[in-house]
Amino acid sequence: MKVLIAVTHLLGTGHLSRALTLARAFSAAGHQVQVASGGFPAPQLNAEGVEVIQLPPLRSDGVDFTRLLDADGSLAGEAYLTRRKDALCAALHRLQPDVLITELYPFGRRSLRQEFLALLEAAAALPRRPVILSSIRDILAPPSKPEKAEKADAVIARHYDAVLVHSDPAATRLEASWPVSPMLAGRLRYTGYVAPPAAGPHPKLAGRGEVLVSAGGGSVGTPLYRAALEAARQMPDTPWRLLVGGSDAGARIAEFAKAGSPALLEPARKDFRQMLSHAAASVSMCGYNTALDLLQAGTPAVLIPFDAGNETEQGLRAASLAPLNGMEVVKTADLTPEALCAAVKAAMQGPPRLAGGFRFDGAARSVEIAAELAGGRG
């Protein structure tokens with residue numbers, strides 16, 4: 001089969017990371033796959049075996065997802081957005097895919113609906129219409145108004161064959177964060193969690209005995225990092241390492257270094273997942289990919305859910321993980337160095353946590369579902 005995945009990450013890199021994991025699974029199964037990426041490049045992510053088509057990139061203006069900034073940091077104008085739409089549709093026409101997957105849309109990325117709708121209309125007009133799937137994580141940002149869910153339903157009913165829900169329904173069902181109509185229920189396909197294989201130990205035991213502090217691949221998490229810098233000073237017998245993401249990681253590290261903390265500061269690392277196997281504890285936000293990394297590694301963890309701009313997704317996910325052994329949750333409003341130290345100590349003293357009972361084969365299962373719906377094309 002030929003597969004095209006359309007994804008745009010606007011703040012962190014979780015959406016692109018999940019799309020690339022899906023793409024690698026299609027490639028490993030012998031299918032031709034391309035990822036049309038509309039966010040800024042994230043070279044730290046694994047794109048092995050995947051052709052990435054970089055659209056003119058966008059990012060959000062902080063947590064304001066209605067203000068989209070272009071490659072120069074200016075407000076994206078109509079001409080720039082048209083270039084993106086044309087590039088996306090051109091990729092579709094070149095590949096003539098058997099399967100088209102839109103990541104998050106139409107459940108999110110409403111500010112980009114014009115380019116997604118153009119893509120869907122172009123797909124419908126191809127000589128052989130592809131199977132069209134939406135790919136969504138376990139928990140969505142709940143719609144602020146009922147009409148948002150209704151509009152998403154209308155797009156699903158008109159254009160989509162199925163919705164891939166990358167969750168284990170035994171843990172989290174879509175109803176926990178999104179109203180599921182009878183029409184939508186009939187199109188849902190639960191895949192299990194989309195995660196790369198468990199990373200296993202680090203060959204050099206990097207991270208052993210440390211508190212690893214991370215905030216994903218984007219330029220977020222400053223309150224978390226600042227609290228961690230002081231917390232490291234208050235726990236002198238435990239080494240802390242802060243992994244700072246984003247294209248401006250160097251400048252942020254230089255700024256954080258002024259605090260004179262004993263914590264080690266360095267840019268986000270590709271071997272982070274392996275480091276978790278040896279860490280004394282992890283301190284992080286609670287995005288989809290980070291949560292799965294922690295579940296796979298069994299690392300004691302402190303979760304500080306991202307809640308700026310009225311975001312609720314990470315809070316819902318953290319609440320679902322809080323009952324597990326070695327999991328502590330600290331709300332952003334309650335985040336102080338003292339609270340962070342207490343939570344880290346509690347997580348490290350908790351009983352061991354195993355990852356049994358959850359399905360992490362969501363990428364492979366997504367490939368199977370797509371092949372079944374495509375009827376053996378390619």
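The values are calculated or read from the model by the stated rules, or taken from the named source; none is laboratory data. The shown structure was predicted, so the numbers you read here are calculated from the model rather than taken from an experiment. No Cβ is skipped: glycine too gets one built from the backbone with ideal geometry, and neighbour counts run over all protein chains shown. Protein only, heavy atoms only, side chains kept; ligands, DNA and RNA dropped before computing areas. Shrake-Rupley method; radii C 1.70, N 1.55, O 1.52, S 1.80 Å.
Here the contact order of the chain, divided by its residue count and restricted to Cα pairs under 8 Å and six or more residues apart, works out to 16 percent. Given +1 at the Cβ of Lys and Arg, -1 at the Cβ of Asp and Glu and no other charges, the dipole of the chain around its Cα centre is 500 debye to the nearest 20. Volume per residue for the stretch 14-159 equals 124 cubic angstrom (convex hull of Cα atoms). The residues of the stretch 1-150 have, on average, 39 Å² of accessible surface per residue, using a 1.4 Å probe with all protein chains present. The chain: longest stretch without exposed GluC sites (Glu not before Pro) (DSSP loop, at most 16 other Cβ within 10 Å), sites themselves excluded? Free of exposed loop sites, the longest segment is 49-310.
What the pair-distance distribution of the chain shows, using all Cα-Cα distances binned every 10 Å from zero, is 5, 24, 33, 25, 11, 2, 0 percent. Normalised per residue, the accessible area of the stretch 264-378 is 43 Å², obtained with a 1.4 Å probe and no contribution from ligands, DNA or RNA. A straight Cα-to-Cα reach below 30 Å connects Lys151 with the lysines Lys2, Lys85, residues fewer than 8 places away in its own chain not being considered. With 0.36 nm allotted per residue and the present C-alpha distance subtracted, the Lys331-Ala308 stretch has 7.2 nm of extension available. Subtracting the Cα-Cα distance of Ala87 and Ala254 from 0.36 nm times their residue separation leaves 56.4 nm of extension gain.
Cα centroids of the stretch 27-64 and the stretch 93-139: how far apart, whole angstrom? Centre-to-centre distance over Cα atoms comes out at 15 Å.
For the stretch 275-325, the relative contact order works out to 35 percent when only alpha carbon pairs closer than 8 Å and six or more residues apart are counted. Take the Cα of Arg158, step 7 Å toward its Cβ, do the same at Leu117, and the gap between the two points is 0.6 nm.
Selection among Cys341, Pro236, Gly12 by position relative to the dipole of the chain gives Gly12 as farthest towards the positive end (Cβ unit charges, Cα centre). Computed with the Debye formula from one identical point scatterer per Cα of the stretch 274-321, without solvent, the log10 of I(q)/I(0) at q = 0.16, 0.21, 0.24 Å⁻¹ comes to -0.41, -0.66, -0.81. Every helix of 4 or more DSSP H residues in the chain counts as -39500 (n - 2.57), and over all residues that averages to -11000 deg cm²/dmol at 222 nm. Using a probe of 1.4 Å, the accessible surface attributed to Arg18 totals some 10 Å² when neighbouring protein chains are kept in position.
Residue separation of Glu372 and Gln96 scaled by 0.36 nm, minus their Cα-Cα distance, works out to 97.5 nm of gained length.
Positive-end ranking of Ser177, Leu373, Val194 along the dipole of the chain, with charges on Cβ about the Cα centre, is headed by Leu373. Peptide packing for 32-38, 125-131 was compared via the average number of neighbouring C-beta atoms within 10 Å per residue; ordered from the highest value, the list is 32-38, 125-131. Considering the stretch 85-153 at the alpha-carbon level, its Rg and Dmax are found to be 13.0, 38 Å.
To the nearest 0.05, how large is the calculated FRET efficiency for Glu338 and Leu75 if R₀ is 56 Å and r is the Cβ-Cβ distance? The partial results should precede the final answer.
Working: r = 41 Å, r/R0 = 0.72.
So, using R0 = 56 Å, E works out to roughly 0.85.
Each label point was placed 7 Å from the Cα along the Cα-to-Cβ direction; for Glu230 and Leu126 their separation is 5.4 nm.
Only protein atoms count toward the accessible area here, which uses a 1.4 Å probe; on the stretch 254-308, the carbon and sulfur part of that area reaches 54 percent.
Expressed per residue, the C-alpha convex hull volume of the stretch 114-246 stands at 199 Å³. Look at where the Cα atoms of the stretch 248-316 and of the stretch 1-21 average out, and the two centres are 21 Å apart.
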